[in-house]
Amino acid sequence: MSINRVPDLMIKRLLKIFPEGTGALWPQPRSAFSLVEVTMALGITAFCLLSLLSLLSVGMKSNRESRDIVDASATASLLLEVRRSAPLLTTGALANWAIPAIPSGIVVATNATPLLIDTEGKVVTTDPAFALTYRLQRVAADSPLCKVFLRLSTPAKATQASSQTHYEVVTSIRVP
């Protein structure tokens, strides 16, 4: 037996133990992704994730603004209903009320600087929910109807020009 024949014999014996095609001795060639393909896939994934994150922030901002408008609407309704039920009362529970009583002699009443109020319609100095601007205007000096304009802005301590959200309502109140 020559030296050159030893590897041939070993290969023949190994082929009997591990037949060709089983992959035990000679693994099957497998296709794989190239580095360029992996980089492209990661880039596309990153682009999609960033797009979704930007949509999430827009949705959260829209949700906050919507919540502020609903809160302002509820507060404005509360202010108007209390003043409708007691248009001239200024004592007791209405002593610190945001909209003043409607006197009979004044044709127009308005506030020069916005009042800081909470969600219950009371004037507060700490932790206000809204800045309230109002205008009360009699239709005529002897008329029982008074037009009421309310503007609630949030955040409360911002100026009207820089407020993020505001809610306005115009209605009329019958004064006895």
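Read-outs throughout are calculated quantities, based only on the coordinates presented, and are distinct from any laboratory measurement. Since the structure is predicted, the reported quantities are computational estimates derived from the model, not experimental observations. Glycine gets a Cβ as well: all are built from the backbone with ideal geometry, and neighbour counts include every protein chain shown.
Numbers below:
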quantity: Virtual spin-label span in nm between Ala86 and Ile17, 7 Å along Cα→Cβ; calculated: 10.1 nm
quantity: Residues of type aspartates and glutamates that Lys157 reaches as a straight line, Cα spacing below 16 Å, ignoring anything fewer than 8 places off in the same chain; calculated: Asp68, Asp118, Asp127
quantity: At R0 = 22 Å, FRET efficiency that the Cβ-Cβ distance of Asn63 and Glu168 yields, to 0.05; calculated: 0.55
quantity: Pairwise FRET efficiency - Leu49 versus Asp127, Cβ, R0 = 45 Å, nearest 0.05; calculated: 0.75
